[in-house]
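Here, each number is a calculation from the coordinates, and none is a lab measurement. Please read all numbers here as calculations on a predicted model, not as lab measurements. FYI the Cβ positions are ideal-geometry reconstructions off the backbone, even for glycines, and counts take in every protein chain you see.
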Amino acid sequence: MDIPYTSKPRPDTGLYNAKVGIWLFLASEVMLFGALFSSYILLRMGADKWPGGMLNIPIGTFNTAVLITSSITVLMAWVSLKMHNFAKFKLYMGITILCALGFVGIKSIEYKDKFTHYQVWLNDKDKTTYTGHIEGNPWFLSHNKMDAKKMDHIMFTSDAAHGAAAGGHGGHGAAMKIERKDIARLSAYVPAHSTYFAIYFTLTALHALHVIGGATVLAYFWGPGSAMWKTDPERFTNRIEVGGLFWHFVDLVWIFLFPVLYLL
């Protein structure tokens, strides 16, 4: 027995099963991200001081353009199928997948920079702070790990732009030696650094997982899943529409994330 409305829409609602399913799923996704955005608002409103200028706005802007482009191309892929042009579908869907890979790749580069970019708080009377890089670019180093590794000093190159944004002192120049006994706290730009970065990594990492998941599904439709076009083209077109709806949601979430985290 065939399941009704897998390809043809119901005459009373104009919807087929998969579209109903994806809208219900997206409703749960709205609640998930809505809760996280609400938590962000509450934490920011309750903070005495909120840091700014600690993210790379040009990179974030470029990644936004990449996702917006992918939203256009996934729509064009679906339109191509509606026009019975399978070759153009393959072209536009391929561009969408490449944009998704580009977004994740750029985000991974941005993450790497945060994992190797440090802030050091000194225990002098002025409460001096520096931001910059440690010689060797270690990942996730902290004052506690320095003690565990029995490190008695670090070679630190201060970054003037980030130091000013974080209330730090000192300009960019040669590496300076900072003794462990003079360090009150040391942290990379990781979730443990501050509430700001805890929120940043929670929201952007969850969004990146959605990008990877959505790109995996679209890649399947672009590759082996496209065989359905020969046997049931209408159902295949519907599947691309459903995948596109999820992709549009992923893009929309980033359009909210970018100004909230990078610009405000």
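Would you calculate the separation in nanometres between label points at residue 232 and residue 248, each defined as 7 Å from the Cα along the Cα-to-beta-carbon direction?
The answer from the label model is 2.3 nm.
By counting other Cβ atoms within 10 Å of each Cβ, how are 127, 150, 114 ranked from fewest to most? Kindly include the intermediate steps, with their values, before the conclusion.
Working: 127 11, 150 7, 114 19.
Ranking 127, 150, 114 by Cβ neighbours within 10 Å, fewest first, gives 150, 127, 114.
Determine the gain in length on full extension of the stretch residue 121-residue 135; use 0.36 nm per residue of separation and subtract their C-alpha separation, reporting nm with one decimal.
Working: separation 14, 0.36 × 14 = 5.04 nm, distance 1.71 nm.
Extra length from residue 121 to residue 135 when fully extended: 3.3 nm.
Using Cβ contacts closer than 10 Å as the measure, can you line up 96, 231 from fewest to most? Before the final figure, lay out each step's value.
Numbers: 96 27, 231 8.
Exposure proxy ranking, most exposed first: 231, 96.
Here is the link list: 49/107; 125/149; 49/112; 107/181; 19/230; 49/150. Which ones come out longer than 31 Å on Cα distance?
Details: 49/107 26 Å; 125/149 27 Å; 49/112 26 Å; 107/181 35 Å; 19/230 22 Å; 49/150 34 Å.
Those over the limit are 107/181; 49/150.
Which whole-Hz couplings ³J(HN,Hα) result when phi for each residue of the stretch 76-89 is put into the Karplus expression 6.51 cos²θ - 1.76 cosθ + 1.60, θ = phi - 60°, listed in order with x for Gly and Pro?
Each residue of the stretch 76-89 in turn: 5, 5, 5, 4, 4, 5, 4, 8, 6, 10, 5, 4, 5, 4 Hz.
Label points 7 Å out from Cα along the Cβ direction at residue 85 and residue 42: separation in nm?
Using points 7 Å along Cα→Cβ, the separation is 5.0 nm.
Tell me the mean residue ellipticity at 222 nm calculated for the chain from its helices only (DSSP H runs of n ≥ 4, each -39500 (n - 2.57), averaged over every residue, nearest 500). Write out the running numbers ahead of the final one.
Details: 8 runs with 155 residues, N = 264.
Computed mean residue ellipticity for the chain: -20000 deg cm²/dmol.
Taking every eigenvalue of the Cα gyration tensor of the chain, multiplying by 5 and rooting it, what semi-axes result, largest first, whole Å? It would help to have the intermediate numbers written out before the result.
Values: eigenvalues 456, 71, 43 Å².
In descending order the semi-axes read 48, 19, 15 Å.
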